[in-house]
1. Which condition from (1) buried (at least 21 other Cβ atoms within 10 Å of the Cβ); (2) more than 25 Å from PHE9 (Cα to Cα); (3) at pLDDT 95 or above; (4) not acidic (Asp, Glu) is the one that GLY183 breaks?
2. List the number of the failed condition for VAL181; all other conditions in (1) closer than 21 Å to THR84 by Cα; (2) of a type outside the set (Asp, Glu); (3) within 15 Å of the chain's Cα centre (by Cα) hold.
3. Among the residues of region 1-23, which ones are modelled with pLDDT of 95 or more, within 19 Å of HIS190 (Cα to Cα), of a type outside the set (Phe, Trp, Tyr) and not in a helix (DSSP H, G or I)?
4. Could you identify the single residue in GLN169, GLN81, GLN165 that is more than 19 Å from the chain's Cα centre (by Cα) and of a type in the set (S, T, N, Q)?
5. Can you list residue pairs whose Cβ atoms sit under 7 Å apart, with the first residue in region 160-177 being acidic (Asp, Glu) and the second being open to solvent by less than 70 Å² (accessible area, probe 1.4 Å)? Count only pairs 6 or more apart in sequence or on different chains.
6. Taking ASN90 and the conditions (1) part of a loop (DSSP other than H, G, I, E, B); (2) modelled with pLDDT of 95 or more, which numbered condition does it fall short on, given that it satisfies the others?
7. Out of all the residues in region 136-178, which are at pLDDT 95 or above, open to solvent by 20 Å² or more (accessible area, probe 1.4 Å) and part of a loop (DSSP other than H, G, I, E, B)?
8. When residues of region 30-60 are filtered for being of a type in the set (A, V, I, L, M), in contact (Cβ under 8 Å) with a residue 40 or more places away in the chain and either touching a strand residue (DSSP E or B) at 6+ places or on another chain (Cβ under 6 Å) or open to solvent by 30 Å² or more (accessible area, probe 1.4 Å) (or both), how many remain?
Amino acid sequence: MQTNSFSTFLSQISSDFIPVITASIPEESYFPLDLSSENDALLSIDISSSLDMEAYIDKLLLKKNARVAYGGYLEKRAIYQRSTHFNQENPETERNIHLGMDLWLEAGTDVLAVLDGEIHSFKDNTNFGDYGPTIILKHKRDSFEFYTLYGHLNRESLTKIYPGQKVKQGEVIAQLGAATVNGDYAPHLHFQVIKEIENFMGDYPGVCSKKDFEYYSKNCPNPNLLLKIS
């Protein structure tokens, strides 16, 4: 399976916007958010504080008259330096390049299956700065088998599902978690497309190092090829 052909396949699944959070929010209510280490606006806030980050994002949402902030694919971020989970002590192996798309909005928001599939696995990843509750779906479409990951959920989302459970596109599969359960982040969904999942269950790297960038950027193509948030 060639990476380019997989990316092309993803982009051709639909020509229209596919919601991965509650469909009651129109695409026009989304705006792009820059959380990269190059964004000087972040210098004035404590990015290690989930409360400060939530206040910063809420202020931007109000200013933009929007309901969802989104972005982050292949964004290099300084926020991960607060946690030893990301190997920040070694510049060669420090994981600071974001591999998914984040959608920032209030805790409790419904999370939707982006395509038909089944529950592959789920887990509460409790490391500080980790995903917290996470669900991975497996999809088979045409000649492709691939996976989508939904991270930073609430714990209740993991209580009534089982591996192999069938889900339909647009079905509510979870709700977003608050900072107290989601790895200590402002509430948001981490959504990631994964081509080969190896032996991971309920977890998969959502942030990589510069050293591993070539592999992970190919194995985890841009989620917006599928979602088409314009």
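The values are calculated or read from the model by the stated rules, or taken from the named source; none is laboratory data. Bear in mind the structure is a predicted one, so any value in this text is a computation, not a measurement. All Cβ positions, even for glycine, are placed from backbone atoms using ideal geometry, and neighbour counts span all protein chains on display. Just the protein is used for accessible areas: all its heavy atoms, side chains included, with ligands, DNA and RNA removed. Shrake-Rupley method; radii C 1.70, N 1.55, O 1.52, S 1.80 Å.
1. (3)
2. Against the list (1) closer than 21 Å to THR84 by Cα; (2) of a type outside the set (Asp, Glu); (3) within 15 Å of the chain's Cα centre (by Cα), VAL181 comes up short only on (3).
3. Once the filter is applied, which keeps residues that are modelled with pLDDT of 95 or more, within 19 Å of HIS190 (Cα to Cα), of a type outside the set (Phe, Trp, Tyr) and not in a helix (DSSP H, G or I), region 1-23 yields ILE18, PRO19, VAL20, ILE21, THR22.
4. GLN165
5. GLU171/LEU112; GLU171/ALA113
6. Looking at each condition in turn, ASN90 falls short on (2).
7. Within region 136-178, ASN154, THR159, ILE161, TYR162, PRO163, GLY164, GLN165, LYS168, GLN169, GLY170, GLU171, ALA178 qualify.
8. Total meeting the criteria: 3.
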